[in-house]
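Q: Got a structure for you, questions after.
The values are calculated or read from the model by the stated rules, or taken from the named source; none is laboratory data. Just so we're clear, the structure is a prediction, and the values are computed from it rather than from any experiment. Cβ: placed from backbone, ideal geometry, glycine included. Neighbour counts: every protein chain shown. Heads up: the accessible areas ignore ligands, DNA and RNA and are worked out on the full protein's heavy atoms, side chains in. Shrake-Rupley method; radii C 1.70, N 1.55, O 1.52, S 1.80 Å.
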Amino acid sequence: MSEVYIVDAVRTPFGKYGGALSKVRPDDLAAHVVRAIAGRSPDLDPARIDDVFFGNANGAGEENRDVARMAVLLAGLPVTVPGTTINRLCGSGMEAVVQAARAVAAGDASVVVAGGVESMSRAPYVLPKPERAFPAGHQEMYSTTLGWRMVNPRMPAEWTVALGEGAELIAGKYGISRERQDAFALASHQKAARAWREGAYAGEVVPVEGVEQPRDEAIRDDTSMESLARLAPAFRPDGGTVTAGNSSPLNDGAAALLLCDEEGLRAVGREPLARVRASAVTGVEPQYYGLGPVEAVRRALARAGKGFGDLSVFELNEAFAAQALGCLAEWPGLDPAVVNPRGGAIAIGHPLGASGARLAGAVAHQLAAAGSGTGLAALCIGVGQGIALVLER
């Protein structure tokens, strides 16, 4: 098997729902990061790119015609470069990185692009076809922005609860108070704001042309425990602990990585950021989807021959503060100081299909900045899955 290297990683600033990026189509967002990742390696002939793997969780709107292939064409890459779109819901962007790495490791490709995109602002409403022609009654329309829709009646009701209710279940299981969740959210905003002020994202964020958005739009520099405490529970009006403030927001954005084998590195002519060591996916009860990373992380570390003590950085997606804190409770050997040092999704945002690629790229850039180390990225996934990726430099 060939070694797999991450040569570069870029992403857009993440926009708020209905915000700065809401007027940009998802296929254009994807094309932007594909064009950027190819352009940042001037020695690379774009025709050398063997495939483009892109994650997307929706697929029901403007990204519906295989957004990876659309991105290739819209980015101006040669028409000979193919593209495939991958859906593992919130883990789609990381799954794209994993599948791209497998192609390189197996010798099926030498130079590949992997990433993800989501425009939650532009996710369409859909109207199912009726079971018979010309029904007399009203028909129900569904939003494709987030969560369950058109649920199969054979699914047990406890499996199809709202994502926020799943976070409430985890808060109850681990006794995670509202105050702890708010403190976790506050820290996410503070770390993200500090990282932007200090220029930590300058090497990986590529602004979208024609859009005035210099940084991630959802970061709240002025948030406080007092302002977070004033927010009402979002899913359990009586006694709930999960609020809009301690949850990730709805977002728009895209991310892309360039992966190569040894031959590809020579063609690119650049030093890699990191190399791929191992990955894992696992399943859990769907209502406890937030705990999906727990076992995935353990398996990925075991496959890499590493332990929590070896980690210099761990990017854990913050779907909800309760969800992240529940996972952390299951990893007593993990140093909390290495987790999301530049902020997490509660502040930065969680455009579903793009998040896993953002996390993988963030780990690669941090390892390169440190000069050496082992890094980990992981996400929980709706309907009860988890995914993890180990990188090394």
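Q: Can you pull the three principal axis extents for the Cα set of the chain, in Å, largest first?
A: 60, 58, 41
Q: Once you put a point 7 Å from the Cα of residue 150 and another 7 Å from the Cα of residue 102, both along the Cβ direction, what distance in nm separates them?
A: 2.6
Q: Can you list the DSSP H helices in the chain whose Cα atoms extend at least 24 Å along the helix axis and whose mean Kyte-Doolittle hydropathy is -0.5 or higher?
A: Answer set is 352-370.
Q: Here's another thing I want to ask about it. Once you have the Cα-Cα distance between residue 310 and residue 80, take 0.36 nm times their residue separation minus that, and quote the gain in nm to one decimal.
A: Fully extending the segment from residue 310 to residue 80 adds 78.6 nm.
Q: Which whole number in µm²/s is D for the range 10-59 by Stokes-Einstein, with the Kirkwood Rh taken over Cα pairs at 20 °C and 1.002 mPa s?
A: 169
Q: Assuming R0 = 30 Å, can you tell me the calculated FRET efficiency for the pair residue 165 and residue 302, based on Cβ-Cβ distance, to the nearest 0.05?
A: 0.40
Q: Among 4, 382, 350, flag the residue with its Cα farthest along the positive direction of the charge dipole of the chain, charges on Cβ as +1 for Lys/Arg and -1 for Asp/Glu.
A: Positive-most Cα among the choices belongs to 382.
Q: Who wins for biggest fluctuation among 143, 22, 110 in a Gaussian network model of the chain, springs between alpha carbons below 10 Å?
A: The residue that fluctuates most here is 143.
Q: What is the percent of Cα-Cα separations in the range 240-282 that go past 16 Å?
A: The calculated P(r) of the range 240-282 puts 65 percent of pairs beyond 16 Å.
Q: Could you compute the FRET efficiency for residue 22 and residue 229, with r as their C-beta to C-beta distance and R0 at 22 Å, rounded to 0.05?
A: The value I calculate is 0.15.
Q: Continuing with the same structure: Which order, highest average first, do 90-98, 26-34, 376-384 follow once you tally other Cβ atoms within 10 Å for each residue and take the mean per peptide?
A: Working: 90-98: 32.3, 26-34: 28.2, 376-384: 26.2.
Ranked by mean Cβ neighbours within 10 Å, highest first: 90-98, 26-34, 376-384.
Q: A further question follows. Please report the carbon-and-sulfur percent of the accessible area for the chain; probe 1.4 Å, protein heavy atoms only, DNA, RNA and ligands left out.
A: 52
Q: If you don't mind, another one. Give the cross-link partners of residue 173 among the aspartates and glutamates, using a straight C-alpha distance below 16 Å as the criterion and excluding same-chain residues fewer than 8 apart.
A: The reachable aspartates and glutamates, counting only those whose Cα sits under 16 Å from residue 173, are 158, 165, 285, 330.
Q: Something else about it: Find how much the distance from residue 266 to residue 194 grows on full extension, using 0.36 nm per residue of separation minus their present alpha carbon separation; answer in nm with one decimal.
A: Using 0.36 nm per residue and subtracting the Cα-Cα distance, I get 22.3 nm.
Q: Straight distance only, please: which lysines reach the Cα of residue 23 with their own Cα at less than 29 Å, same-chain residues fewer than 8 apart left out?
A: Within the straight-line cut-off, residue 23 pairs with 129, 191.
Q: Rank-order 114-123, 288-297 by packing density, defined as the average count of other C-beta atoms within 10 Å over each peptide's residues, highest first.
A: Averaged packing, sorted descending, gives the order 114-123, 288-297.
Q: How many angstrom lie between the C-alpha centres of the range 1-60 and the range 266-323?
A: 21
Q: Would you mind putting 354-363, 172-181 in packing order, based on average other-beta-carbon counts within 10 Å, highest first?
A: Highest-to-lowest ranking by the protection proxy: 354-363, 172-181.
Q: What does the accessible area per residue of the chain come to in Å², with a 1.4 Å probe and no ligands, DNA or RNA counted?
A: Working: 15830 Å² over 393 residues.
With all protein chains present, the chain gives 40 Å² per residue.
Q: Which whole-number percentage describes the relative contact order of the range 41-157, with Cα contacts under 8 Å and a sequence gap of 6 or more?
A: For the range 41-157, the relative contact order is 27 percent.
Q: Hey, with R₀ at 56 Å, roughly what FRET efficiency would residue 65 and residue 183 work out to, going by the Cβ-Cβ distance, to 0.05?
A: 0.80
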